[in-house]
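Okay, so here's the structure we're looking at.
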Amino acid sequence: MTKIIKIIFISSIFLFLNFLNLVSANEKIKIGLLVPMTGDNKEIGASIIKAVSLAVKDINNDLIEIYPKDTGTRANQALKSAFELKQMGIKIVIGPVFHESLTYLNEMKNLTFLSLTNKTLDLPKNVISAGINSTSQFNTIKKFLDNNNLQKTLFLTPIQNFEFEVKNGLKNSKIKVFENFEYSTEPTKLTKQIEEITKYKIRKQNLADEIRRIKNSNEINKEKKIKRLEKKYTLGNINFDAVIISDFDESLKSVATSLLYTDVSPKNKYFITLNQWFDESLIEETNIQPIYYPSINKENFDNYKIKYFNAFNENPSHLSLLSYDLVGLVYYLSFKSDLSKLNRIFKKKNSFKGKIGIFDIKDNKINHRLNFYKIENQKLIEIF
C-alpha cells in the first residue's frame, strides 16, 4: 500500500505534541504570510490574518511565529514582501491570495509558497496551489455522475478568464464529455446561444407542426390530443441527461433561467454547477431547483464560522478557512522535515485532513476531497 501522511488537524492536533522533543527548544517555526493589507482586497487580507492567529491560538505552541507582509495590488509588491521574508530566514509562506501576485515569485528560489489561489496552470515551481481547484470539483462531480449512471452530460462554460482552468479540470478528472459549449455572458447573446444548444426553435416548431397535423387529421379524440399538446412549450427529446454550468452568482442564474426558457427543466435534467460556497441566494431560486454542486464539508465550515465569530465578532471570508488549515499543515510537517525542504514533500503523494476535509498533495498541487450537495425545495441537502 502506498505510504500516506495522515494529518488529523485541530480535533486531534494535540496527539502530535509528543513530537516536540524533535525540535530544539530554541528553534522557531517561522511562517510567512503574504496577503493584501492595502487596496481593494484588504478586508480579505485582514480576515486571513485573523484566521491564522486563531489557528496559532488553537495549536497553542509558542514555537510558531507568523510574519504578515502586504502584497498590495501589484505583483512587484508581492515580490518585494517575499524578499523581505526571505531576508528574515523564513522558508515557508502562506499566500499570496490571488494568482496575479504569483508572477515574479519564481525568483525566490529558497521559499515555498502555499497560495490560496484555485488556479493550477502556469504556476511557478515553488508555488503550491491550495485553493478549491477545478480538478477537485470535477472529481467530485464525476463521482455523482457515475453513481447515477449519467453518461450524456452537457458542459457549459462562460468565455471568461477561467475557461482554461475548467478544461484542465475536466481533462484531469477524466469525465466523459458528451458535448461541450462555451457561451457569452452578455444576456442577449446568452439566450440565443442556449436556444441553439438546446435546439429550442426546432422543438418549438415540432410542436406547432404536430398540432397542425392532428388538426388536419381524422384521429380519434383529436381535440383532447390538441389540448394536451397546447399545454406544452416544445416537442421532442433533448439528447442529454445532465448539464454542468461552470459559472457563479448572477451569471449562473442567467444560464439556468435561459435553460428554463428553452423548456429544459431541472425536474427532468440534472442541473449541476461548481463550488458555490453555500451561496444562500440560491435557496430562494426555486425555479432552478434542484441544483447540485460540490463543496467543502458544510458542518465543518459552520463550526469554523462560529469559532471565528466568537473570537472576532464578525463573519470570516471563505479564503480564511484555507489559511486556518494551512497553518496546521505547516506545523505538522515541521516535525517531519526541515522547512527548507518542504517543496520536496509537496512533489510527492501525501494526504492530510483539515477543517475543509481531506487534501491530497501531488506535483505541487493540493486537491480536495469534497462533499456533494443539492438545493431542493429551499433546503440544502448533503448527497455524499
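Annotation: amide H-H contacts under 5 Å for Ile94 (H modelled 1.01 Å from N, sequence separation of 5 or more, or interchain): Gly32, Leu33, Leu34, Leu114. Restricting attention to the stretch 176-216, which trypsin sites (Lys or Arg not before Pro) occupy a DSSP loop and are surrounded by at most 13 other Cβ atoms within 10 Å? The qualifying sites are Lys176. Annotation for the stretch 309-384: GluC sites (Glu not before Pro) lying in DSSP loop with at most 15 further Cβ atoms inside 10 Å of their Cβ are Glu314. Sparsely packed loop sites in the stretch 249-280 (the trypsin sites (Lys or Arg not before Pro) outside DSSP H, G, I, E and B with at most 16 other Cβ atoms within 10 Å) comprise Lys267. Listed by chain and number, the aspartates and glutamates whose C-alpha is less than 14 Å from the C-alpha of Lys379, apart from same-chain residues fewer than 8 away, are Asp279, Glu280, Glu284, Glu285. The long axis of helix 298-312 is offset from the longest Cα principal axis of the chain by roughly 50 degrees.
Other residues lying with their Cβ under 13 Å from the Cβ of Val97 contribute a combined charge of -1, Lys and Arg counting +1, Asp and Glu -1.
Laboratory data are not the source of any read-out in this text; all were calculated from the coordinates shown. Please read all numbers here as calculations on a predicted model, not as lab measurements. Glycine gets a Cβ as well: all are built from the backbone with ideal geometry, and neighbour counts include every protein chain shown.
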